[in-house]
Amino acid sequence: MPQLTSKEIVDLSKEYTFFSWSIQNQVNPIPMARAEGIYFWDADGKRYMDFSSQLVNMNSGHQHPKIVKAIQEQAAELAFAHPGMATEPRALLGKKLAEVTPGDIKKTFFCLGGAEANENAVKIARLYTGKFKIIARYRSYHGATHGAIALTGDYRRLPAEPAMPGVVRILDPYCYRCPFGQKKETCKRECISHIEEVIQHEGPDHIAAIILEGVTGTNGLIIPPDEYWPRVREICDKYNILLIADEVMSGWGRTGEWFAVDHWGVTPDIITTAKGITSGYVPLGAVMVREKIAGHFDDKYLYAGLTYSGHPLACAAGVATIEAYEEDGLIENARRMGKLLGEKLEALRAAHVSVGDVRYIGLFSALELVTNRESKEPLDLTPVMKHLRENGVFAFNFKNILFVVPPLSITEAQLNEGLAVYDQALKIADGMVK
């Protein structure tokens with residue numbers, strides 16, 4: 001193939017391809033050329049620190065040699081297999097997933113991404129329970145396909161409606177902007193009791209499952225109170241409702257544990273995942289279920305199937321990625337660096353009047369920027385994001401929420417270097433405070 005200039009790469013990409021979640025004539029993509037560790041370079045040789053982990057999936061870092069080698073070797077041996085075939089990568093990954101997931105979660109249905117995982121989790125929940133409704137939160141993102149966008153609560157759902165029927169909404173445990181008007185010192189956890197009230201109104205005999213992100217990701221990195229997950233588990237057991245944990249973004253060491261629910265000692269009935277299962281190297285998603293659900297389909301038809309289910313290249317990448325997490329101590333590093341990151345984010349909040357709140361768990365963190373700490377009016381992050389990019393830090397934001405989510409392989413020196421650029425960017429934000 002011819003070597004393109006950076007301008008040619010951008011121009012041809014814009015002319016012949018669509019970019020997601022954007023007005024097409026306003027996109028300004030980086031012509032990404034190569035990457036290594038926590039860094040990537042554009043076609044002109046400019047280096048960026050990846051403080052987005054591309055989109056919170058590059059947990060192992062870019063171009064990890066073990067994962068790259070596994071993909072190369074598998075491609076040379078067997079690049080594709082019929083989804084009804086049993087292959088070594090499929091067998092090994094299925095067994096490995098059962099070892100790292102909580103409780104008696106044992107059996108996996110493979111797909112190609114988080115949206116497909118959530119679609120099939122809903123299908124399995126409905127087949128298993130014989131019930132129809134699914135409870136989901138407003139501040140949530142579960143994917144962009146027809147069913148997954150119906151589960152999604154944020155603004156991206158609205159243009160796609162009407163989508164899959166049967167979804168019921170609940171409010172979120174968003175302590176900084178409590179939807180029930182509570183303050184931390186007087187909070188009665190209405191975000192939890194509210195769920196039971198909705199269940200009673202909607203009819204427990206009609207509700208198949210509740211789906212929640214382990215820690216809410218792109219909608220603001222909302223970390224629930226410690227009793228939230230355990231009590232939701234109790235509510236689901238009380239009303240015979242399945243509990244689905246969407247760990248697409250919050251799984252695979254991102255929070256300092258294998259899965260976010262591990263922080264609270266909860267075993268969901270179903271875990272959906274993607275992203276970090278291969279660190280994004282090859283598309284792969286998974287629906288992992290407890291033994292009671294798996295056993296249901298021993299003598300009943302599973303109405304689920306995909307051409308690429310159990311794809312050997314993807315499964316080989318998954319096995320190598322999990323081994324990299326273990327061998328490199330990446331989850332332990334996420335825990336260790338996450339503690340340091342939390343301290344530094346608290347220091348940034350103290351130093352910058354534009355920072356209304358900081359939220360962090362492992363290397364999953366964000367700053368919420370406001371024009372006034374009392375009114376909590378959201379601040380426009382356009383100049384902040386421009387400064388970060390110009391100074392070699394690639395980050396992403398959701399409205400007024402600025403994420404800090406580097407690869408789990410990051411060192412203390414690299415973390416300090418990146419946060420120094422955030423510090424300068426926040427000075428720009430401080431100038432916008434009213």
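Values in this text are rule-based calculations from the coordinates and carry no lab data. Please read these numbers as outputs of a predicted model, since none were measured by experiment. Glycine also receives a Cβ, built like all others from the backbone with ideal geometry; neighbour counts cover every protein chain displayed.
Residue by residue, here is whether (1) of a type in the set (D, E, K, R); (2) in contact with a strand residue (DSSP E or B) (Cβ under 8 Å, 6 or more places away or on another chain); (3) closer than 26 Å to TRP21 by Cβ; (4) in a strand (DSSP E or B) holds:
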residue	(1), (2), (3), (4)
PRO162	no, no, yes, no
PHE180	no, no, no, no
ASP205	yes, no, no, no
ILE210	no, yes, no, yes
THR218	no, yes, yes, no
ARG231	yes, no, no, no
LYS238	yes, no, no, no
LEU243	no, yes, no, yes
VAL261	no, yes, no, no
- Note on the structure: Across the stretch 63-80, the tally of residues that are assigned to a helix (DSSP H, G or I), loosely packed, with under 15 Cβ neighbours inside 10 Å and not basic (Lys, Arg) stands at 7
- Task: Return a yes/no flag: does the stretch 410-428 have any residue that is part of a loop (DSSP other than H, G, I, E, B) and farther than 22 Å from SER279 by Cα.
- Result: no
- Task: Could you look through the stretch 197-211, keep only residues that are in contact (Cβ under 8 Å) with a residue 40 or more places away in the chain and in contact with a helix residue (DSSP H, G or I) (Cβ under 7 Å, 6 or more places away or on another chain), and pick out the one that is farthest from ILE124 (Cα to Cα)?
- Result: ILE199
- Message: Just checking: which of the strands (runs of 3 or more DSSP E) contained wholly in the stretch 279-379 hold 2 or more residues that are farther than 29 Å from ILE428 by Cβ and of a type in the set (A, V, I, L, M)?
- Response: 285-290
- Message: Just the residues that are out of contact with any helix residue (DSSP H, G or I) (no Cβ under 9 Å at 6 or more places or on another chain), in a helix (DSSP H, G or I) and more than 30 Å from ILE322 (Cβ to Cβ), please, taken from the stretch 1-60.
- Response: SER6, LYS7, GLU8, ILE9, VAL10, ASP11, LEU12, SER13, GLU15, TYR16, GLN26
- Message: So if I check each of GLY280, GLY256, which one is surrounded by fewer than 24 Cβ atoms within 10 Å (Cβ to Cβ), touching a helix residue (DSSP H, G or I) at 6+ places or on another chain (Cβ under 7 Å), within 16 Å of ALA115 (Cβ to Cβ) and touching a residue at least 24 places away in the same chain (Cβ under 8 Å)?
- Response: GLY280
- Would you please name the residue that is surrounded by the most Cβ atoms within 10 Å (Cβ to Cβ), looking only at residues in the stretch 27-62 that are under 18 Å from ASN333 (Cα atoms) and in contact with an Asp or Glu (Cβ under 6 Å, 6 or more places away or on another chain)? ILE38
- Note on the structure: Within the stretch 337-385, residues at positive phi and buried (at least 19 other Cβ atoms within 10 Å of the Cβ) come out as GLY362
- Could you tell me whether the stretch 375-382 includes any residue that is of a type in the set (Lys, Arg) and in contact with a helix residue (DSSP H, G or I) (Cβ under 9 Å, 6 or more places away or on another chain)? yes
- Item | Qualifying residues in the stretch 205-246 (those that are under 14 Å from the mean Cα position of the chain (by Cα) and among the acidic types (Asp, Glu)) - the one surrounded by the most Cβ atoms within 10 Å (Cβ to Cβ) | ASP246
